Amino acid sequence: MSDDTRSKKAICLEDLQRRILTQELDPGSYLDESKISEAYQISRPPLREVLRQLAGDGYVVLHENRGAQVAPMTHKTLRNFFVAAPMIYSAVTRLAAEHAKPSQIMRLKDTQLLFRAAIRDGDTAGRALMNERFHAILGEMADNEYLMPSLRRLLIDHTRIGMTFYNSRKVALAEQRAVAADQHDQFIALIEAGDADAAAELAVAHWELSRAEIEHFVTPTAINIPLGRAPDVQDQRGAS
């Protein structure tokens, strides 16, 4: 494979990941291989390698004779998310505090600066993506090959849901977004101090804050438009 093909393949992979995380590609939708191949100027064989990698990480589901489907978000998915998330986030953060390297802590701080900048600029996608990167770095710090696949899968759905939570137009969630950003700073301080117990406790508190975004995603504000009223007796008489 040429260097040019590798470069195009990497660009395709990263951009499809971004488009899935930001819901530019809707959950449950099918990818058109012809359009993707043309858009990224890569042939079918390397594209299928990209799709297999996306499937391995949980971004898409491969169906025989139907192609690649963006990972759906179903009732079952969300139920399993609620069950698994606090356990996995807590375990990952505890291990991160125990095993973090100075270079990883620096990357975490840099990501937090970008996260804060996205909040300041009202960049919804930037907020969600930097939050995903922050927690992915915690996973790298944890350095556990059994937890990482589960964490990666959790972060895909958490980021997609986060597109609602981090939307600057959702004014009611502004205070919770500020708390979430402050908790990121606390994560950094606890990991630098090597305080695994406190870091794990903070992970649970951070998860509880996330419940609000999930509930808002699942049960959005209803449209308050009157559907009309049944005609009263006077109306019926007038029509006769």
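The values are calculated or read from the model by the stated rules, or taken from the named source; none is laboratory data. For clarity, every value in this text was computed on a predicted model and none was experimentally measured. Positions of Cβ are backbone-derived with ideal geometry, glycine not excepted, and every protein chain shown enters the neighbour counts.
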Margin query: Just the residues that are under 20 Å from the mean Cα position of the chain (by Cα), hydrophobic (A, V, I, L, M, F, W, C) and surrounded by 15 or more Cβ atoms within 10 Å (Cβ to Cβ), please, taken from segment 79-95.
Written below: Phe81, Ala85, Ile88, Ala91, Val92
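Using the structure shown, decide if Asp195 is surrounded by 10 or more Cβ atoms within 10 Å (Cβ to Cβ), of a type outside the set (Lys, Arg) and at pLDDT 95 or above.
Details: surrounded by 10 or more Cβ atoms within 10 Å (Cβ to Cβ): yes; of a type outside the set (Lys, Arg): yes; at pLDDT 95 or above: yes.
Yes.
Any chance you could count how many residues in segment 174-195 are charged (D, E, K, R) and either closer than 22 Å to Asp121 by Cα or within 23 Å of the chain's Cα centre (by Cα) (or both)?
Kept after step one, since they are charged (D, E, K, R), are these residues of segment 174-195: 175, 177, 182, 185, 192, 195.
Narrowing the set further to residues that are either closer than 22 Å to Asp121 by Cα or within 23 Å of the chain's Cα centre (by Cα) (or both) leaves 175, 177, 182, 185.
So the answer is 4.
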Checklist line | Residues within segment 88-119 that are of a type in the set (S, T, N, Q) and either outside the structural domain of Ala142 (by TED's automatic domain parsing) or modelled with pLDDT under 95 (or both), tallied | finding: 0
Next item on the list: Could you check, for segment 11-30, whether at least one of its residues is in a helix (DSSP H, G or I) and among the aromatic types (Phe, Trp, Tyr)?
Entry: no
Notebook entry, point to check: Given the conditions (1) surrounded by fewer than 14 Cβ atoms within 10 Å (Cβ to Cβ); (2) over 18 Å from Leu155 (Cβ atoms), which single one is not true for Glu24?
Noted result: (2)
Notebook entry, point to check: Which members of segment 116-127 meet the condition of being closer than 22 Å to Ile188 by Cα and within 14 Å of the chain's Cα centre (by Cα)?
Noted result: Gly126, Arg127
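Over 16 Å from Gln183 (Cβ atoms) and of a type in the set (Lys, Arg): is that true of Arg133 in this structure?
Numbers: over 16 Å from Gln183 (Cβ atoms): no; of a type in the set (Lys, Arg): yes.
No: the conditions fail for Arg133.
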Item checked: Neighbours by Cβ (under 7 Å, 6+ apart or cross-chain): first from segment 44-60, outside any helix (DSSP H, G or I); second of a type in the set (Gly, Ala, Ser) and surrounded by 15 or more Cβ atoms within 10 Å (Cβ to Cβ) -> Gly58/Ala71; Tyr59/Ala71; Val60/Ala68; Val60/Ala71
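Going by the structure shown, is Leu16 more than 19 Å from Arg133 (Cβ to Cβ), at pLDDT 95 or above, outside the structural domain of Leu129 (by TED's automatic domain parsing) and among the aliphatic types (A, V, I, L, M)?
Values: more than 19 Å from Arg133 (Cβ to Cβ): no; at pLDDT 95 or above: yes; outside the structural domain of Leu129 (by TED's automatic domain parsing): yes; among the aliphatic types (A, V, I, L, M): yes.
Criteria not met by Leu16.
Go through the residues of segment 115-136 one by one and say whether even a single one is touching a strand residue (DSSP E or B) at 6+ places or on another chain (Cβ under 8 Å), of a type outside the set (A, V, I, L, M) and within 30 Å of Ser37 (Cα to Cα).
Taking segment 115-136 as the starting set, the residues that turn out to be touching a strand residue (DSSP E or B) at 6+ places or on another chain (Cβ under 8 Å) are none.
Looking through segment 115-136, none of the residues is touching a strand residue (DSSP E or B) at 6+ places or on another chain (Cβ under 8 Å), of a type outside the set (A, V, I, L, M) and within 30 Å of Ser37 (Cα to Cα).
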Notebook entry, point to check: For segment 96-110, which residues satisfy the criterion of being β-branched (Val, Ile, Thr) and surrounded by 21 or more Cβ atoms within 10 Å (Cβ to Cβ)?
Noted result: none
